[in-house]
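As structure tokens, the structure follows; a few thoughts come after it.
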Amino acid sequence: MSAQTSPRLVSLARRLLIPCLIVFGVMFALVGGYGIFLSTSLALPKSDEHPPLLIYGAPFFLTPGLHPVDSGLVDHLQRLEYKPVAAAPRVAGEYFITKDSIEIFLHAQEENRLPARSVRLILVDGIVTEVLSVSDGQPVSLISLEPVLISGMRSGSRQVREWIPLDRVPPTLIKTLLIIEDRRFFSHFGVDPVAIGRALWINISRGVVAQGGSTLTQQLAKNLYYSPKRTIERKLREVMAAMALEFKYRKEEILESYVNEIYLGQAGPVSIYGVGEAAHRYFSKNVDELSIDEMALIVGLIKGPNIYSPVKDIDLATKRRNLVLRRLREEGILSEDDVAQAMDRPVKVMLNQDVLTDAPYFVDHLLREIEQGIGTEIPDGSRIYSTLDPRAQRIAAHVLQEGLAKLERSYPALAGAESPLQGAAVVLDVKTGHVLAMVGGRNYRLSQFNRAVQAHRSAGSLFKPFVYLAGFEAARGQGAAGLTPATFLMDEPLTLESDTGSWSPQNYDRQYRGQVTVRTALEQSLNIPAVRTAHRTGMTALTNLLHAFGITTPLADNLSLALGSSSVSLLQITSAYAGLANGGVVIHPVALSNMVREGRETIWSPPLDRRQAATPQGAFLITSLLKGVMDRGTGAKARALGVWGPVAGKTGTTDGYRDAWFIGYTPDLAIGVWVGFDDERPIKLTGAQAALPIWSELAARLIPQDPPDFEMPVGVVRRRIDPKTGQLVTSQCPEKTFEFFIAGTEPTVYCEVHGGGFWERLKQTLGLPQ
């Protein structure tokens, strides 16, 4: 039986041999061909390839009139890594503060070809009065601190990194890396069979892909060419790529690429790649300045960058660091005492200044603005100088987060929904249109939708100032009969007929006040007087005015527009209010100052879009009314919340309580805040309840002490009137108040209700003060 079976088996083996050889041959050819393809197509990155696009904040100018405390000068110095010293600074990066002066040894600014130099700020009552050169004691001008790095882009992701040559990486860091990640790196051919066998055994025994056993070369291949998803197919491709890299490059070249390309976590929206960037981001150090415990922490991050991140979990980061330190002791790299001392040191993360400026929504808006402006992709290696004020940005982000959380605590119905309560904030420079701060939502990682720019929501009462401004502008040729702040309007039931039917607007509280002045109507945000004024002036005048102030969204062609039925973005409406602050001059908001190549060659700067949307006189009257909103009207709560000085502002509440707004301004700053749900569910709060508290906290921290008042332009006159009649006051009038008028529209008749006026007319005739 066995004798007959043996020839059959031999015959079968012979018949199968050729097909098997063919299959193995084809497989070998395919694998070999794939390997050749990989060796020719795969390339390690080089230090000069795709330099990062770096984004900087606005420069901080040192000028007379600067208030060091209000401006956050010391905070700015510290973020730029200047160090305080106890005597006159001797090297760049030091500063010395006394009661009467601040001396700063400025860093060299290579981009502007400026050497390191010392300047002295002379202080009088805490205000800078002179900026002097320390070398010769002469006044200097146009002196600024170097701009703060806020972000960067490389290969489409938010990152900033400098390539570190292998000879600049400390040998101890290299030894630590190899001991923890790949002890046989210099002896294997890209794949470590021992590690692969161990990983396969663990994975098979557990029934899942739980361990990789990857070499440094495999990790590098995965980071550069493949997704992080753990599958058998990806593992095989990773192995082939690693072998191809080992065939093509020297070990030192692979190791240099690895230490520069390995992913080591997140700092805000910025990805951290490479040991040099990790040293800079986590410890504000150069890689050659790291201590052994800091090196151990960085190497420990490789296993799980976001699990062991010291930013996210200090305890896990410490345990992982200590495990690495113990391995170094076992390998004889460190002594028992060295390890004990290193483990006793707490993990201290000193986030670098560009990490702290968390402005992802601003950066997205900035990059979009540039790409639309130049009509193409932004060149690699560009230096982008933005308008962002890092201090204002940090304050805005913090205040919005805290304000929304406080609203949810105060009104529990706002919390717990699948779509959380959202908000946005914008800060503009009135005189330049520069975007100083922008926060587009609560959490950029969860939602990149920028509610400051991309969301279009009903404006509500924010349009009312423009309703009255259109009336003031139209009244110029009508004399005292034209619309003025003292003009009386009827606040009583109103029904308007149109082709679509009748419409009866209501006030917020559904109450009627009878006869009210324009000032009272705007201060109390009354709806019916606003609709009456829009009807009186005409829809064309209002629509044209809104367009002139930069509102580009579609506008309703009916009187509901007076109550803000049309939608706007927060940036647009804040810019429109900045135009009121700027005497009727609207400047299109910009996030970019200029963009340059290496060598300071300008690639693109946004053109200045500046236009006179309204007369200075009309804008001043509206500002006067909006100052009244803050003192007596719907914005008066801001005073109790710590906002002082000359400030104008307006609440906004939309139909159904879906949106809460507050926009306010000084002669220098315009600040806008919006609160609501993305799905437009009602928040059941007014602008004064939801947006004003956030705005007030932001304004109180950004508006300097003793800000200047709004300057009254030529062509505006101030008259003392009786608020009950709107006529010039007499000695018999029980109430007296001052009001502003465009020259030629002021009242000329003395109060006819309370009588008198003889002496006032006589003084007027003789040119005596009233």
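The values are calculated or read from the model by the stated rules, or taken from the named source; none is laboratory data. This one's a predicted model, so the numbers in the text were calculated from it and none came from an experiment. Ideal geometry is used to build each Cβ from the backbone, glycine not excepted, and the neighbour counts take in all protein chains shown. The accessibility values were calculated without ligands, DNA or RNA, using every heavy atom of the protein model including side chains. Shrake-Rupley method; radii C 1.70, N 1.55, O 1.52, S 1.80 Å.
Of all the residues that make up region 233-283, how many are among the hydrophobic types (A, V, I, L, M, F, W, C), within 19 Å of Ser309 (Cα to Cα) and either modelled with pLDDT of 85 or more or open to solvent by 10 Å² or more (accessible area, probe 1.4 Å) (or both)?
7
Could you check region 601-704 for strands (runs of 3 or more DSSP E) lying wholly inside it with 1 or more residues that are buried (at least 18 other Cβ atoms within 10 Å of the Cβ) and in contact (Cβ under 8 Å) with a residue 60 or more places away in the chain?
Numbers: elements: 602-604, 610-612, 648-653, 659-665, 669-676.
Result: 648-653, 659-665, 669-676.
Out of Ile384, Ile378, Ile395, which single residue is of a type in the set (Val, Ile, Thr) and assigned to a helix (DSSP H, G or I)?
Numbers: Ile384 fails: assigned to a helix (DSSP H, G or I); Ile378 fails: assigned to a helix (DSSP H, G or I).
Among Ile384, Ile378, Ile395, only Ile395 is of a type in the set (Val, Ile, Thr) and assigned to a helix (DSSP H, G or I).
On the basis of being among the basic types (Lys, Arg), at positive phi and under 28 Å from the mean Cα position of the chain (by Cα), does Arg600 make the cut? Walk me through how you get there before you give the answer.
Numbers: among the basic types (Lys, Arg): yes; at positive phi: yes; under 28 Å from the mean Cα position of the chain (by Cα): yes.
Taking the combined requirement at face value, the residue satisfies it.
Any idea which residue in region 579-600 is farthest from Met712 (Cα to Cα), counting only those that are open to solvent by less than 10 Å² (accessible area, probe 1.4 Å) and assigned to a helix (DSSP H, G or I)?
If we take residues in region 579-600 being open to solvent by less than 10 Å² (accessible area, probe 1.4 Å) and assigned to a helix (DSSP H, G or I), then Gly579 is farthest from Met712 (Cα to Cα).
All but one of (1) among the hydrophobic types (A, V, I, L, M, F, W, C); (2) assigned to a helix (DSSP H, G or I); (3) open to solvent by less than 10 Å² (accessible area, probe 1.4 Å) hold for Ala424, so report the exception by its number.
Checking Ala424 against (1) among the hydrophobic types (A, V, I, L, M, F, W, C); (2) assigned to a helix (DSSP H, G or I); (3) open to solvent by less than 10 Å² (accessible area, probe 1.4 Å), the one that fails is (2).
Looking only at region 427-439, decide whether some residue is farther than 17 Å from Ala578 by Cα and touching a residue at least 60 places away in the same chain (Cβ under 8 Å). Can you show your working first?
Applying the first criterion (farther than 17 Å from Ala578 by Cα) to region 427-439 yields 439.
Next, only the ones that are touching a residue at least 60 places away in the same chain (Cβ under 8 Å) stay: 439.
Yes, region 427-439 contains at least one residue that is farther than 17 Å from Ala578 by Cα and touching a residue at least 60 places away in the same chain (Cβ under 8 Å).
Scan region 427-462 for residues that are closer than 14 Å to Leu669 by Cβ and surrounded by fewer than 24 Cβ atoms within 10 Å (Cβ to Cβ) and jot them down.
Asp429, Val430, Lys431, Thr432, His434
Inside region 284-365, counting only helices (runs of 4 or more DSSP H) that do not spill past its ends, which hold 3 or more residues that are buried (at least 17 other Cβ atoms within 10 Å of the Cβ)?
Answer list for region 284-365: 292-301, 314-330, 353-356.
Of all residues in region 410-421 being under 22 Å from Thr651 (Cβ atoms) and outside any loop (DSSP other than H, G, I, E, B), which is most open to solvent (accessible area, probe 1.4 Å)? Quick ask: steps written out before the conclusion?
Filtering region 410-421 down to residues under 22 Å from Thr651 (Cβ atoms) leaves 410-411, 413-414, 421.
Then keep just the ones that are outside any loop (DSSP other than H, G, I, E, B); that gives 410, 413-414.
Numbers: Ser410: 72, Ala413: 97, Leu414: 10 Å².
Among those residues, the one meeting the criterion is Ala413.
If Gly375 passes every condition in (1) of a type outside the set (Phe, Trp, Tyr); (2) farther than 30 Å from Glu289 by Cβ; (3) at pLDDT 95 or above but one, which one does it miss?
(3)
For residues that are out of contact with any Lys or Arg (no Cβ under 8 Å at 6 or more places or on another chain) and either modelled with pLDDT under 95 or open to solvent by 20 Å² or more (accessible area, probe 1.4 Å) (or both), scanning just region 394-409, find the one that is nearest to Leu145 (Cα to Cα). Even if it seems obvious, please write down each step before you answer.
Initial filter on region 394-409 (out of contact with any Lys or Arg (no Cβ under 8 Å at 6 or more places or on another chain)): 394, 396-398, 402-403, 405-409.
Narrowing further to those that are either modelled with pLDDT under 95 or open to solvent by 20 Å² or more (accessible area, probe 1.4 Å) (or both): 394, 397-398, 402, 405-406, 408-409.
Details: Arg394: 18, Ala397: 23, His398: 24, Glu402: 30, Ala405: 35, Lys406: 36, Glu408: 40, Arg409: 41 Å.
Here the answer is Arg394.
With Val85, Val74 as the choices, which residue is surrounded by fewer than 17 Cβ atoms within 10 Å (Cβ to Cβ), β-branched (Val, Ile, Thr), touching an Asp or Glu at 6+ places or on another chain (Cβ under 8 Å) and modelled with pLDDT of 85 or more? Walk me through how you get there before you give the answer.
Details: Val74 fails: touching an Asp or Glu at 6+ places or on another chain (Cβ under 8 Å).
Just one listed residue meets the conditions, Val85.
Can you find a residue that is open to solvent by 40 Å² or more (accessible area, probe 1.4 Å), at pLDDT 90 or above and β-branched (Val, Ile, Thr) anywhere in region 713-730?
Yes, the conditions are met somewhere in region 713-730.
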